[in-house]
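**Student:** Structure in structure tokens, see below.
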Amino acid sequence: MSDTSNQQPVSAIQAELDAMRAVGEAFENLDPETRARVMSWAASRFGIQRSETSRKDPAQKAGRDESEAATEGELPGIARLTENGNLEVTVRDLKAKSTLDAAVRLAHMVIYANEKLKGERSTSSRKVLVPILKEWRAYDGNTRNTLRGHKGIHRDGDALSLDAIAKKDAERYIAEVLDGAVVGTWNPNGRASRKAPAKKNTTKQGAD
């Protein structure tokens, strides 16, 4: 029997992501001193024991609230960092409907995970995203054009980043990937058409 003691229900993971997003948005426009006061109130209100590090540098702790889900260099079920520090996608089902949908989802999640796990505000298209798209067989002329024209994915030379709306889209894709009730209709290996065979017309025309 496998040990499931460390596994969280999908609903709990979604609630955690929602809470971290709300905290991140609320703290974004606060100065470090105000953040420290809010954190002190929250710690007192919910009985949270803060570490020495967080007391010494509350601004840094606030900035890491959302990324704390990336425990030990991993976003469970989404991506992780290898021993060489490379980003590896661990998604089993992208919950995509087509190759284009898969490419868009991958791009969002890769850029998002790269920022959370490596602390980099931008992701290399050539070194990081393209190899992953190729691995998933979601890299061709159509997907290149779609990603190049995507309004939420900003490009500065080889560097890719997500705007605020695209980050929320990435979080939504992650929630769907972690939701066992959602099943994708696309896979990287392709699927044979399952159309029912056409029925033969057995009605005979009357002969003259």
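The values are calculated or read from the model by the stated rules, or taken from the named source; none is laboratory data. Computed from a prediction, not measured in an experiment: that's the story for all the values here. Please note: Cβ atoms are built from the backbone with ideal geometry, for glycine as well, and neighbour counts cover all protein chains shown.
**Student:** If you take just the helices (runs of 4 or more DSSP H) that sit entirely in region 72-168, which of them hold at least 3 residues that are touching a residue at least 24 places away in the same chain (Cβ under 8 Å) and among the aliphatic types (A, V, I, L, M)?
**Tutor:** Numbers: elements: 99-118, 130-135, 141-148.
Passing ranges, in order: 99-118.
**Student:** Another question about this same structure. Going by the structure shown, is Leu106 at pLDDT 95 or above, surrounded by fewer than 18 Cβ atoms within 10 Å (Cβ to Cβ) and of a type outside the set (S, T, N, Q)?
**Tutor:** No, not satisfied.
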